[in-house]
1. What's the number of the condition Lys42 fails, among (1) touching a Lys or Arg at 6+ places or on another chain (Cβ under 9 Å); (2) surrounded by 17 or more Cβ atoms within 10 Å (Cβ to Cβ); (3) at pLDDT below 90?
2. Being among the acidic types (Asp, Glu) and surrounded by 12 or more Cβ atoms within 10 Å (Cβ to Cβ) is the filter here, so list the residues in region 81-106 that pass it.
3. What's the number of the condition Glu67 fails, among (1) at pLDDT 85 or above; (2) under 18 Å from Asn13 (Cα atoms)?
4. Residues Ala175, Ala138: which one is at pLDDT 80 or above, assigned to a helix (DSSP H, G or I) and open to solvent by less than 60 Å² (accessible area, probe 1.4 Å)?
5. Taking region 106-140 on its own, how many of its residues are acidic (Asp, Glu) and closer than 16 Å to Val174 by Cα?
Amino acid sequence: NILDFNYLNQTKNYHSVFHLYEDEERFQLTEALEMHFMELPKLVSKWRRREVSPWENGLVRWLLLLEGSENQEILKILEEIAMQDPVLHQAIAAWEKSSDDPNVREEYFARRKAVLDEKAAVREAELRLREAIQKGMAEGRAEGRVEGRAEGKLEGKAEVAKNLLDLGMEISKVAKATGMTEDEVKVLKD
């Protein structure tokens, strides 16, 4: 899982590896299965603080390549490394060649727009959720009833969820953004 967002708040590591264990006796199911999470924002932060180096670490190098299209400083360093790394050189050359293809470029920009639109929708949802919660809490305090606060929070979450669904966001993402269950979001959608 290569993520363009921070997912695991429990760690500052950009690369986390998980295995499957039996819950009670804690023995590993198999050595043949691992789940890797690589969080690019954490990696870029570590790179900026000089805690990791693409010169010394191949994984860092290849993950930073994903950021190279957006960051000229990273791309310059990777191009320098590519002079000594023929595989990286070949990857950068193929990347540049595909960038010259108008169809590939159009697909890239369409995908990038979709990703940015989704990020904006999540930010907007978070903002609306905070506002709705604050409004609900303020109304609840004014009335002096705990029920009013809870109802205000739920109404706010429902309003935000409806807006996100109207924007075409997936049910699972709406649930995550609002703190609602997927079943609750499905009911709103229906």
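The values are calculated or read from the model by the stated rules, or taken from the named source; none is laboratory data. A quick note: this is a predicted structure, and the numbers were derived from the prediction, not measured. Note that each Cβ is placed from the backbone with ideal geometry, even for glycine, and that neighbours are counted across all protein chains shown. Side chains included, ligands, DNA and RNA excluded: accessible areas come from the protein's heavy atoms. Shrake-Rupley method; radii C 1.70, N 1.55, O 1.52, S 1.80 Å.
1. Lys42 satisfies every listed condition except (3).
2. Taking region 81-106 as the starting set, the residues that turn out to be among the acidic types (Asp, Glu) are 85, 96, 100-101, 106.
Once the filter is applied, which keeps residues that are among the acidic types (Asp, Glu) and surrounded by 12 or more Cβ atoms within 10 Å (Cβ to Cβ), region 81-106 yields only Asp85.
3. It is condition (1) that Glu67 fails.
4. Numbers: Ala138 fails: at pLDDT 80 or above.
Answer to the selection: Ala175.
5. Restricting attention to region 106-140, the residues satisfying the condition of being acidic (Asp, Glu) are 106-107, 117-118, 124, 126, 131, 139.
With the extra rule that they be closer than 16 Å to Val174 by Cα, the set shrinks to 117-118, 124, 126.
Total satisfying the criteria: 4.
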